[in-house]
1. I need two numbers for the chain: Rg to one decimal and Dmax as a whole number, Cα atoms only, in Å.
2. How far apart, in nanometres, would the label points at Arg9 and Trp26 be if each is projected 7 angstrom from Cα along the Cα-to-Cβ direction?
3. Rounding to the nearest 10 and keeping the result within 0 to 90°, find how far the Cα-based axis of helix 37-48 lies from the longest principal axis of the chain.
4. Please give the charge dipole size of the chain, origin at the Cα centre, charges +1 on K and R Cβ atoms and -1 on D and E Cβ atoms. Round to the nearest 20 debye.
5. Using the Karplus equation 6.51 cos²θ - 1.76 cosθ + 1.60 (θ = phi - 60°), what ³J(HN,Hα) coupling, rounded to whole Hz, does each residue of segment 92-101 give in order, writing x for Gly and Pro?
6. For the chain, what does the helix formula give at 222 nm: sum of -39500 (n - 2.57) over DSSP H segments with n ≥ 4, over the residue count, nearest 500 deg cm²/dmol?
7. Does segment 40-85 come out rounded, prolate or oblate by the C-alpha gyration tensor, with a ≥ b ≥ c the root eigenvalues, rounded set by a/c under 1.5 and, if not, prolate when a/b is larger than b/c and oblate if not?
8. Ranking Ile79, Ile29 by Cβ neighbours within 10 Å, fewest first, what do you get?
Amino acid sequence: MPDYFEVDRLIEDLAKIYSTACATSWFKISGNRKPTKDEFRGKVVEFMKHFEYTLSTFPQSPMAENFRAYASKKLQDEITRVATGENKEVEKRYKYYVDYS
């Protein structure tokens, strides 16, 4: 199995850096200062799924297919962690947003 260190790190940080910032901004713009945890997690997951488009833009080749399968599995695992409340960074961002909005 090739080393996909970069994508491992990206997917680990995707929720923390990109998706929670987008979700928080989305709730601010929509005027929802007190979303439920499930609403917040759901919006984070929605933004995380945008990464699937990025994966689809890689070249069509056997090596790229292996990469996409690997990255998709890692992404799904991380999405599950967010959806079930196991991602501590997302939970912290939620608490910060609802407590200080």
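Each reported figure results from applying straightforward, stated rules to the coordinates on display, with no laboratory input. Bear in mind that the values here come from a model prediction, so they are computed numbers and not experimental data. Here the Cβ positions follow ideal geometry from the backbone for every residue, glycine too, while neighbour counts run over all protein chains shown.
1. Spelled out, the Cα radius of gyration and Dmax of the chain are 14.9, 48 Å.
2. Here the answer is 2.7 nm between the modelled labels.
3. 30
4. Using Cβ point charges on Lys, Arg, Asp and Glu, the chain gives about 520 debye.
5. 5, 5, 4, 4, 4, 5, 6, 7, 10, 8
6. Rounded to the nearest 500, the figure is -22500 deg cm²/dmol.
7. The shape class here is oblate.
8. Ile29, Ile79
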